[in-house]
1. State whether one or more residues within region 125-144 are at pLDDT 95 or above and part of a strand (DSSP E or B).
2. Identify the residue in region 15-36 that is under 19 Å from residue 81 (Cα atoms) and in contact with a strand residue (DSSP E or B) (Cβ under 7 Å, 6 or more places away or on another chain) and, among all such residues, is surrounded by the fewest Cβ atoms within 10 Å (Cβ to Cβ).
3. Among the numbered criteria (1) surrounded by fewer than 16 Cβ atoms within 10 Å (Cβ to Cβ); (2) in contact with a strand residue (DSSP E or B) (Cβ under 9 Å, 6 or more places away or on another chain); (3) more than 22 Å from residue 60 (Cβ to Cβ), which single criterion is violated by residue 121?
4. Limited to region 49-71, what total is found for residues that are surrounded by fewer than 22 Cβ atoms within 10 Å (Cβ to Cβ), out of contact with any helix residue (DSSP H, G or I) (no Cβ under 7 Å at 6 or more places or on another chain) and under 23 Å from residue 32 (Cα atoms)?
5. Report, by residue number, each residue of region 169-188 that is without any contact (Cβ under 8 Å) to a residue 60 or more places away in the chain and buried (at least 16 other Cβ atoms within 10 Å of the Cβ).
């Protein structure tokens with residue numbers, strides 16, 4: 001059965017990331033450090049050879065896509081945007097740690113939401129819509145391997161909600177410019193809303209693509 005392989009990549013660093021600030025919808029560009037780190041990863045690692053790149057419309061993701069996949073068509077998908085942190089946006093942990101609403105949010109749960117922000121349940125629904133849009137476009141266009149450049153929270157949500165084998169979201173770690181390879185089939189996605197988690201990406205330059213048969 002035909003499979004659709006997707007390389008999920010987290011965007012490079014921004015000034016806000018370096019300062020430990022919550023950023024969801026605020027449209028930060030990559031920092032100079034972030035750009036330098038991505039350039040170094042291109043020298044150190046082999047990125048997958050993809051046919052198309054889908055990106056969050058926020059600048060940090062689009063700029064990452066242009067650096068890592070400069071010769072590939074780039075399409076934006078609105079639902080790939082990071083979680084809406086509401087009143088927590090633009091603040092670091094030291095500014096929030098004594099707030100009761102922040103403590104309650106950290107306890108987690110599908111209904112947990114920052115004030116004026118997005119709940120985990122809403123994020124899960126939106127993440128499904130983003131994945132469905134990407135997979136349907138791949139099927140319609142005959143694309144068998146694409147990259148999705150998005151945010152750490154979105155990747156964590158995708159893997160924990162729809163990935164097999166099941167992963168604890170607390171154990172899913174994505175460094176800037178890195179991520180996971182996944183594989184979906186039409187039957188698996190349409191009947192079970194699930195995909196297979198293949199492993200980490202990118203891989204070392206002296207290594208053959210570990211996910212090709």
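The values are calculated or read from the model by the stated rules, or taken from the named source; none is laboratory data. Fair warning: this is a prediction, and the values are worked out from it, not measured in the lab. Cβ sites come from the backbone with ideal geometry, for glycine too, and all protein chains shown count toward neighbours.
1. Checked against the condition, which is being at pLDDT 95 or above and part of a strand (DSSP E or B), region 125-144 yields no hits at all.
2. The selected residue is 20.
3. Every listed condition holds for residue 121 apart from (2).
4. So the answer is 6.
5. Within region 169-188, the first condition is being without any contact (Cβ under 8 Å) to a residue 60 or more places away in the chain, and the residues that meet it are 169-173, 188.
Across region 169-188, the qualifying residues are 172, 188.
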